[in-house]
1. Do we find that residue 127 is touching a residue at least 12 places away in the same chain (Cβ under 8 Å), closer than 23 Å to residue 5 by Cα and touching a strand residue (DSSP E or B) at 6+ places or on another chain (Cβ under 7 Å) in this structure?
2. How many of the residues in the stretch 84-120 are over 19 Å from residue 159 (Cα atoms), part of a loop (DSSP other than H, G, I, E, B), in the same structural domain as residue 29 (by TED's automatic domain parsing) and not small (Gly, Ala, Ser)?
3. Is the stretch 126-134 home to any residue that is of a type in the set (Phe, Trp, Tyr), farther than 27 Å from residue 10 by Cβ and assigned by TED's automatic domain parsing to the domain that holds residue 172?
4. Within the stretch 62-79, identify whether any single residue is assigned to a helix (DSSP H, G or I), touching an Asp or Glu at 6+ places or on another chain (Cβ under 8 Å), closer than 17 Å to residue 112 by Cβ and free of Cβ contacts under 8 Å to residues at least 60 places away in the same chain, and answer yes or no.
5. Have a look at 83, 125 and point out the one that is modelled with pLDDT of 95 or more, crowded, with 19+ Cβ neighbours inside 10 Å and under 30 Å from residue 56 (Cα atoms).
6. Just to check your reading of the model, which residue among 56, 9, 33 is part of a loop (DSSP other than H, G, I, E, B), in the same structural domain as residue 75 (by TED's automatic domain parsing) and acidic (Asp, Glu)?
7. Within the set of pairs 6+ apart or on separate chains, which have a first residue in the stretch 8-35 that is over 17 Å from residue 95 (Cβ atoms), a second that is surrounded by 15 or more Cβ atoms within 10 Å (Cβ to Cβ) and of a type in the set (Lys, Arg), and C-beta atoms under 7 Å apart?
Amino acid sequence: MIDPSNVTDTARTAAELEEFLLFCVVVAGKNADQQARKLDRFLGGRRPFAFIRACDRDGTLGARLRESRLGKYALLGRSFRELSRSGADLRRCAWEDLTRFPGIGIKTAKFFALHSRPDEMHGVLDTHVLGWMRDHWDPARPRLAAVPRQSPQDPRAYRFWETVYFGMVAARRHGKAGAPAVDWARFDLDLWKERRGGFAPAPAA
């Protein structure tokens, strides 16, 4: 089962990568711990994509999703079906390729890549990261635009604010002699833990 508080793992098996990608889809805008448990019940220890294909063949996929109470059943049905049939190499495919599937936007694709592959540099612009950016915005800096409250859907806007995020993190580390390079996955996860409170809405599409 996916542990949302210990989500970074660059040595996942093929089946574990499939489960993690499905988690990234089902958790959008919902409680991370609850969705992890529901997804675990849905899969029941089976190989994720093979199980989904089998359910699709016998016509039970929709019913099984509803039994698991994962929500967004029409969207998840399309997403699970297309992902399971895709043959995508989840260890190496470009994050951009993942955004072609239903339920996977820029933020979700970057979240998957950041927490499943070594040495990745991505800004997962969820509500926690954007809130942190607003809280640490330098008042002396020209305020060209307000930090958005929701993850940008336009790729150019996302790239702009991701670059701003990288700069803000780097600025906080400026002058710290001997400081190691930023571990972006660790920073993202630590920030999520710090700001989540009692409710854990993980990255949405």
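The values are calculated or read from the model by the stated rules, or taken from the named source; none is laboratory data. These figures come from a predicted structure and were not determined experimentally. Every residue, glycine among them, receives a Cβ derived from its backbone with ideal geometry; neighbour counts consider all protein chains shown.
1. Criteria met by residue 127.
2. Final tally of qualifying residues: 7.
3. No, the stretch 126-134 has no match at all.
4. The first filter runs over the stretch 62-79 and keeps only residues assigned to a helix (DSSP H, G or I), leaving 62-68, 73-79.
Filter again for touching an Asp or Glu at 6+ places or on another chain (Cβ under 8 Å), leaving none.
Checked the stretch 62-79: no residue is assigned to a helix (DSSP H, G or I), touching an Asp or Glu at 6+ places or on another chain (Cβ under 8 Å), closer than 17 Å to residue 112 by Cβ and free of Cβ contacts under 8 Å to residues at least 60 places away in the same chain.
5. Checking each option against the conditions leaves just 83.
6. Within the list 56, 9, 33, the selection yields 9.
7. Pairs that qualify, where the first residue is over 17 Å from residue 95 (Cβ atoms) and the partner is surrounded by 15 or more Cβ atoms within 10 Å (Cβ to Cβ) and of a type in the set (Lys, Arg), are 15/47.
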